[in-house]
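S.K.: My questions all concern the structure below.
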Amino acid sequence: MTRKFFGASLLCLTLIACGGKDEEPPVEDTPAAEEAPGQEIDVVDPEPEGPLMIDVTRVLGTFEGEVTGLAFSRNQQDVQGSTLLAANGTAGVAIIPTEDGGAPSVYNLVDRRVVAVAATKVGENPLIAIESTQDGLSQLDIATFTAERSELVVIGSIASGLFGTASEFCFAGEALFRVNTDNGLSRHTVTTAEGVVGVTSEPVSAMAAVSHCASTGGTLHITGPEGKQQVLTPKGTAILTEMPFDDAPADIADMAVMPLEGGNEIFFALENGSVEIDDEIFTFTIDGAPVAVSRIAMAPGNFGGVYRKGAVAVLTTDNQLGLVSWLSIANALDLSADSVEWNGEEEEVVEDFVPQIELPAPPVEQ
């Protein structure tokens, strides 16, 4: 915006001399000169500030090879022993302690490429989903940690009935939802019969096409290729089907949800490397320098220290993995600092939404 300022005109007086030399020359009153138009001065407002920047709390390291999934597994008995899991292609699943100084390890699937990973809990026990491919065929493994959480142990697998290859994994409760590369959505659960662990598979038709998913712990957010959004129960049914959701932004690279006291907040990592929440765009930085983010994962609950209110993992386009305190993000965006961890129980949901409309009083008959 440009503002106009005008210079003030000056009042000029003219002195006229006349008559004899002994007399003081009379001073004639002259009319004030008309106000001259002042010079117009353009004052340009300063350029608006750039996008908000939030610094990564700690850089965990840099990956070699493609990373196609991130997931947190919180250690409920010892929050300092919590881990971040990364699907790292032929290198396997990277198991990275969230505590500073912890030694990372790798769960390697010989001759297989890991394409997706997700984590939840059953009671107090961690449950990990891992999908890998070999010669174009996919296999879904359900695993858990050993007692000391140093290794993963597979407890059940499924290779049949998996359409395409997983592009994203998300748990809602104990049910795993799988988005494949053809934008299909399926639901998988772990069963036990006569001591044998099995994994079921069924299609989900809550939305015609799904491109991204994000878990709140007890429910699932999904987004379609054209930005359409929906929330699902662990059973795969849509919540509030009559209430329209705002469309997600275009060009999403990844999405994540942080469950808070006041409701869920959805974060979209955009293809240009920035992050959007509620139409506000911000950028992560490392040592003050902006970085482009390709993947983002969020976890509520206590992870110890500065992560006591929740943790966020970001992967940059140059494969740097960073850990961000939720407190830093909440303070920068004026959000609630209190995250809400899923308690293992299904949320009570309303399947059919009926708007409550206050009607005007009928007119009074005359």
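S.K.: What is the one condition in (1) closer than 23 Å to Ala94 by Cα; (2) under 14 Å from the mean Cα position of the chain (by Cα); (3) open to solvent by 10 Å² or more (accessible area, probe 1.4 Å) that Asp278 does not satisfy?
M.R.: (1)
S.K.: For segment 200-252: of the residues being acidic (Asp, Glu) and farther than 20 Å from Ala297 by Cα, which is most open to solvent (accessible area, probe 1.4 Å)?
M.R.: Glu226
S.K.: Ok, one more. Any chance segment 215-224 includes a residue that's out of contact with any Gly (no Cβ under 6 Å at 6 or more places or on another chain) and over 25 Å from Gly344 (Cα atoms)?
M.R.: Scanning segment 215-224, I find at least one residue that is out of contact with any Gly (no Cβ under 6 Å at 6 or more places or on another chain) and over 25 Å from Gly344 (Cα atoms), so the answer is yes.
S.K.: Consider segment 62-81. How many of its residues are of a type in the set (Gly, Ala, Ser) and modelled with pLDDT under 95?
M.R.: 2
S.K.: Within segment 143-159, can you find the residues that are free of Cβ contacts under 8 Å to residues at least 40 places away in the same chain and open to solvent by 50 Å² or more (accessible area, probe 1.4 Å)?
M.R.: Ala147, Glu148, Val153, Val154, Ala159, listed by residue number.
S.K.: Name the residue that is surrounded by the most Cβ atoms within 10 Å (Cβ to Cβ), counting only residues in segment 169-179 that are out of contact with any Ser or Thr (no Cβ under 6 Å at 6 or more places or on another chain) and assigned to a strand (DSSP E or B).
M.R.: Leu176
S.K.: Residue under question is Pro363, and the condition is that it be open to solvent by 20 Å² or more (accessible area, probe 1.4 Å), at pLDDT below 95, in contact with an Asp or Glu (Cβ under 8 Å, 6 or more places away or on another chain) and over 22 Å from Val59 (Cβ atoms); does it hold?
M.R.: In short, no.
S.K.: Modelled with pLDDT of 95 or more and assigned to a strand (DSSP E or B): is that true of Ser157 in this structure?
M.R.: No; evaluated as a whole, the condition is false for this residue.
S.K.: Which one of these does Asp182 not meet: (1) farther than 15 Å from Gln139 by Cα; (2) surrounded by 16 or more Cβ atoms within 10 Å (Cβ to Cβ)?
M.R.: Of the numbered conditions (1) farther than 15 Å from Gln139 by Cα; (2) surrounded by 16 or more Cβ atoms within 10 Å (Cβ to Cβ), the odd one out for Asp182 is (2).
S.K.: Go through segment 78-119 and tell me which strands (runs of 3 or more DSSP E), entirely inside it, have 2 or more residues that are out of contact with any Leu (no Cβ under 7 Å at 6 or more places or on another chain) and over 22 Å from Ser215 (Cβ atoms).
M.R.: Strands (runs of 3 or more DSSP E) meeting the threshold: 105-107.
S.K.: Across segment 57-103, which residue is farthest from Trp326 (Cα to Cα) among those that are of a type outside the set (Asp, Glu) and surrounded by fewer than 14 Cβ atoms within 10 Å (Cβ to Cβ)?
M.R.: Gly65
The values are calculated or read from the model by the stated rules, or taken from the named source; none is laboratory data. Predicted model, so just to flag it, every value in this text is computed and none were measured. Note that we place each Cβ from the backbone using ideal geometry, even for glycine, and neighbour counts take in every protein chain shown. Note: accessible area is taken over every heavy atom of the protein model, side chains too, but ligands, DNA and RNA are not part of it. Shrake-Rupley method; radii C 1.70, N 1.55, O 1.52, S 1.80 Å.
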